[in-house]
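The next block holds one structure in the form of structure tokens; read it before the comments.
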Amino acid sequence: MPGGRALPGAVGALCRAMPPPARLVPEALRRAKLDRPQATLDFWRLLYALLKQIHGGKWSEADAIDTQIRFVKSALWYQGYGRPELYRLPSDGSAGSRELLLAFSWLLHRISLLEQLLARNRVRTGDETSVCMCEDDLSQSEQGTTEIAPEYGPEDRVDIRYLQWLNGRLRFQWRSLHAQHQEQCKLLHKIHLLTSGSHVDQILGHFSVTEMDLIRQPENYKQLVQLLELETMQLEAFLEWKQLELVYWQWMETVLDNMAEEGNMCKPQDAHIEKSSLPKVTSCCPWADSLTGQINKLSRDLMALRDQLHELVTHRRSAWEEKVKARAEDLQREDFPATVRKIQEAVELKLLDLSNLCAPKKNKVHGLCRLVYRSKHSASKTGFSRSVSKEPAPAVSATEVIRELQMREASLQRELKQLREECRQRLDEIAEGLDGVICISP
């Protein structure tokens, strides 16, 4: 096998790059390739621990195996893993080690599993906060998903009072979280202010909470050094893995070939072969039959989706034409100058949003950044720095982040006001068709 000598090194580096509580021995991967049941529980526990860390949940090795299996299947489904054989595996963990090996490898490639784990589990010696100055495309990305609402029967309806209670509970939790965050910011500011000018790094100039804890309790440095050494070993293993990663994927190709050969042996000789518009290439690719079937199914799904989109566009176009016609009739009856004024206000709001979108973007920061306190002589008191070095690090001030958030808040407030006006007009139209009903606004 090509790269056979380098395969043990690649598998070993992969195992060492994973977090210690979720590490596998290289022998488990060899057993999984052969679909040995002895490796099944190890892989279920591995995927459970890794996916729990990715999703930020708490986990324990003492959790029941059926609970772990249910969570892994749900998390893989959420991530988009569509191989049905995995979801048919028994809940007692008695079989399916090769299917779990495929799912693990899919996670490695699809969601950059190792990179995410290293970023989440890295040792943080500085005071960090999460900052996002990217454009909010959530409304655009979810625009197509909110058009078709699910149909509920009378038995599925939820009491509006329960929804109000949930809304109040959510607001209370948000206020509590905001108050805790404010208290944390006050304590951080106090530490940064009192230790200003004490740090050996003049760019930082102050101590972090971790550094202050080491000053107060010097005996804790041994634990920190151990964590840093462990992280260094993981990073070295990750660099070795990146150099030998191609060898691992070549080995995974042999796993797929073995699965395809075993699948062909289990099929009867007179099995019905589905017609395909693609040329037959099974002589060189034993897995081409299944791949061809998946491509044909995808093509049929795309054709059906195209027909649905065409029908939807036609329906919306006709609805829009009727709406324009009705609006033109309303303009003839209403006060034309007042209507023009409302349209101008709406256009001005849209132009303002477009000007903000088209403005040159500077210092767009996303992710965790270190909090750095600046003195009064600096341009800003608090900044968000990406790195710590002797050279000035690319940073963004808290004032810029606050200004960006205020602009986004104003844009959302305008959008909320517009949506409320549209809802009010819609309710007025509905109320006009109700004879003998008096509607009182809250």
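The values are calculated or read from the model by the stated rules, or taken from the named source; none is laboratory data. A quick note: this is a predicted structure, and the numbers were derived from the prediction, not measured. No Cβ is skipped: glycine too gets one built from the backbone with ideal geometry, and neighbour counts run over all protein chains shown. Just so you know, the surface numbers come from the protein's heavy atoms only, side chains and all, with ligands and any DNA or RNA stripped out. Shrake-Rupley method; radii C 1.70, N 1.55, O 1.52, S 1.80 Å.
Among the residues in the stretch 92-101, are any farther than 15 Å from Ala32 by Cα and either within 23 Å of the chain's Cα centre (by Cα) or open to solvent by 70 Å² or more (accessible area, probe 1.4 Å) (or both)? Break it down stepwise before answering.
Taking the stretch 92-101 and keeping what is farther than 15 Å from Ala32 by Cα, we get 92.
Going one step further and asking which of them are either within 23 Å of the chain's Cα centre (by Cα) or open to solvent by 70 Å² or more (accessible area, probe 1.4 Å) (or both), we end up with 92.
Within the stretch 92-101 (the criterion being farther than 15 Å from Ala32 by Cα and either within 23 Å of the chain's Cα centre (by Cα) or open to solvent by 70 Å² or more (accessible area, probe 1.4 Å) (or both)), the answer is yes, since at least one residue qualifies.
Residues in the stretch 200-227 that are assigned to a loop (DSSP other than H, G, I, E, B) and free of Cβ contacts under 8 Å to residues at least 60 places away in the same chain: Val200, Gln202, Phe207, Gln217. Of the numbered criteria (1) over 23 Å from Arg16 (Cα atoms); (2) crowded, with 19+ Cβ neighbours inside 10 Å; (3) without any contact (Cβ under 8 Å) to a residue 24 or more places away in the chain, the one Lys52 fails is (1).
Counting only helices (runs of 4 or more DSSP H) that fall entirely inside the stretch 2-85 and contain at least 2 residues that are closer than 13 Å to Leu100 by Cα, the qualifying elements are 26-33, 40-54, 65-79. Does any residue of the stretch 396-413 turn out to be more than 24 Å from Gly126 (Cβ to Cβ), modelled with pLDDT under 70 and open to solvent by 100 Å² or more (accessible area, probe 1.4 Å)? No, the stretch 396-413 contains no residue that is more than 24 Å from Gly126 (Cβ to Cβ), modelled with pLDDT under 70 and open to solvent by 100 Å² or more (accessible area, probe 1.4 Å).
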